[in-house]
């Protein structure tokens, strides 16, 4: 498992290496824990950023399958999913198996514009069919200047770490 | 004559026993993320919140579409403990499920020391009251039971007040109600905020806890009742308002309403 995670990181760094030269990129690494159960379905996962007024400003990742269950990502659904179909379509990708994944964020909002200095919150939500739901969040400030976020594993989500640039 | 009286009596008993219960509508889903989804709507008259007790007729159940147009709900089943309706929600937006009873008039009186009741308004009662009836009083009654269901993006149209009878508005859209966030309801009578509306707030699972956690309230002079739901889950508000408002047809008015809603996880 550790080896796979390291491999993914190396590959990601190789793929996105050129981009980091142009713009400071934040890396968010999250782990989907292996859960021993007779009926395992891959979790639906959303990663996004809200501003100090709890308004969503950037959807970083969305791993889902069928629209029926999007609502089970309760906060994501209220804040983004139910009203911004175009964004959901643009960002959504397939669900992922247990493992470690690194996401990249250029620090801009959904429209590609720069975010003003201020307080923001990183949200990671996961919901699994016939399983549980977890919501992890962590406040940060922009400009972040290499601030590090660490969120301990809980329920459907493994450890989350991020370096915000 | 005796048979007819017995029938009337049994009808009154049934209506009295049902009215002592609280009638609610509980959709299987309050929030959906797919068009054309079906929902099941449970309805029952019961003492314990969302523990079905008596099935009820659903002939007056209506579905208000996001554009405000109402349609009858025809796929219904009345069971002993609860009734159920199948409802398909075609487009995006907020829907209102409502069961509203028309105005009804009850005249109560005393005869030889016994309390009795008639289905009659003030004009009809003269012909029906027996000689010697005392303490005659006619009450106009109306009840309304409703719930909102939202498919994808929430809309406002079906939340608008109908300006008739007792209604509830809120500063939070029903699809946005979240545990640990303050919630405010305003109770309106015929479209105006009404003080003195008495109600009870409860939530599911009463059967499995010792403290039911019910909150009794009375609206303030702005018609408001505020609270912060502690737990996510399905909630019920039952409320009523009585006033000695004499009209041509009644001496008193009694309006009642039940409303079920979902409190989502933060």
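The values are calculated or read from the model by the stated rules, or taken from the named source; none is laboratory data. The structure displayed is predicted, hence computed values, not measured ones. Positions of Cβ are backbone-derived with ideal geometry, glycine not excepted, and every protein chain shown enters the neighbour counts.
Rundown of residues vs (1) surrounded by 10 or more Cβ atoms within 10 Å (Cβ to Cβ); (2) at pLDDT 50 or above; (3) in contact with a helix residue (DSSP H, G or I) (Cβ under 6 Å, 6 or more places away or on another chain); (4) over 24 Å from residue A:115 (Cβ atoms), yes/no style:
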| site | (1), (2), (3), (4) |
| --- | --- |
| A:8 | yes, no, no, yes |
| A:11 | yes, no, no, yes |
| A:14 | no, no, no, yes |
| A:19 | yes, no, no, no |
| A:26 | yes, yes, no, no |
| A:30 | yes, yes, no, no |
| A:33 | yes, yes, no, yes |
| A:41 | yes, yes, no, yes |
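Which residues, counting only those in region A:43-55, are buried (at least 19 other Cβ atoms within 10 Å of the Cβ) and either within 14 Å of chain B (Cβ to nearest Cβ) or within 18 Å of residue B:36 (Cβ to Cβ) (or both)?
Narrowing region A:43-55 to residues buried (at least 19 other Cβ atoms within 10 Å of the Cβ): A:43-50.
Those that are buried (at least 19 other Cβ atoms within 10 Å of the Cβ) and either within 14 Å of chain B (Cβ to nearest Cβ) or within 18 Å of residue B:36 (Cβ to Cβ) (or both): A:44, A:46, A:50.
May I ask you to say which residue of A:133, A:78, A:82 is within 15 Å of the chain's Cα centre (by Cα) and either within 14 Å of chain B (Cβ to nearest Cβ) or over 27 Å from residue B:34 (Cα atoms) (or both)? Before you say what the answer is, go through the steps one by one.
On the way: A:78 fails: within 15 Å of the chain's Cα centre (by Cα); A:82 fails: within 15 Å of the chain's Cα centre (by Cα).
So the residue among A:133, A:78, A:82 that is within 15 Å of the chain's Cα centre (by Cα) and either within 14 Å of chain B (Cβ to nearest Cβ) or over 27 Å from residue B:34 (Cα atoms) (or both) is A:133.
Specify which of the listed residues (B:262, B:230, B:180) is assigned to a loop (DSSP other than H, G, I, E, B), within 14 Å of chain A (Cβ to nearest Cβ) and either modelled with pLDDT of 95 or more or over 30 Å from residue B:109 (Cα atoms) (or both).
B:180 is the lone residue from the list that is assigned to a loop (DSSP other than H, G, I, E, B), within 14 Å of chain A (Cβ to nearest Cβ) and either modelled with pLDDT of 95 or more or over 30 Å from residue B:109 (Cα atoms) (or both).
Residues of region B:99-118 being touching a residue at least 24 places away in the same chain (Cβ under 8 Å), surrounded by fewer than 20 Cβ atoms within 10 Å (Cβ to Cβ) and in a strand (DSSP E or B), which ones?
B:100, B:104, B:105, B:108, B:110, B:117
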* Asked: Where residues in region B:158-169 are assigned to a strand (DSSP E or B) and crowded, with 19+ Cβ neighbours inside 10 Å, which of them is nearest to the other protein chains (Cβ to nearest Cβ)?
  -> B:168
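Identify, from the list B:155, B:172, B:150, the residue that is part of a loop (DSSP other than H, G, I, E, B) and crowded, with 17+ Cβ neighbours inside 10 Å. First the steps, then the outcome.
Details: B:172 fails: crowded, with 17+ Cβ neighbours inside 10 Å; B:150 fails: part of a loop (DSSP other than H, G, I, E, B).
None of the others qualify; the one that does is B:155.
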* Asked: Name the residues in region B:30-84 that are buried (at least 17 other Cβ atoms within 10 Å of the Cβ), within 14 Å of another protein chain (Cβ to nearest Cβ) and either under 19 Å from the mean Cα position of the chain (by Cα) or without any contact (Cβ under 8 Å) to a residue 60 or more places away in the chain (or both), would you?
  -> B:30
* Conditions (1) outside any helix (DSSP H, G or I); (2) touching a strand residue (DSSP E or B) at 6+ places or on another chain (Cβ under 7 Å); (3) within 14 Å of another protein chain (Cβ to nearest Cβ); number of the one not met by residue A:65 -> (2)
* Asked: Taking residue B:25 and the conditions (1) within 22 Å of residue B:176 (Cα to Cα); (2) more than 14 Å from chain A (Cβ to nearest Cβ); (3) surrounded by fewer than 20 Cβ atoms within 10 Å (Cβ to Cβ), which numbered condition does it fall short on, given that it satisfies the others?
  -> (3)
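Counting only residues that are without any contact (Cβ under 8 Å) to a residue 40 or more places away in the chain and either within 14 Å of chain B (Cβ to nearest Cβ) or within 25 Å of residue A:52 (Cβ to Cβ) (or both), how many does region A:91-108 have? Lay out the reasoning, then the answer.
Taking region A:91-108 first, the residues without any contact (Cβ under 8 Å) to a residue 40 or more places away in the chain are A:91-94.
Among the residues that remain, those that are also either within 14 Å of chain B (Cβ to nearest Cβ) or within 25 Å of residue A:52 (Cβ to Cβ) (or both) are: A:91-92.
Adding up the residues that qualify gives 2.
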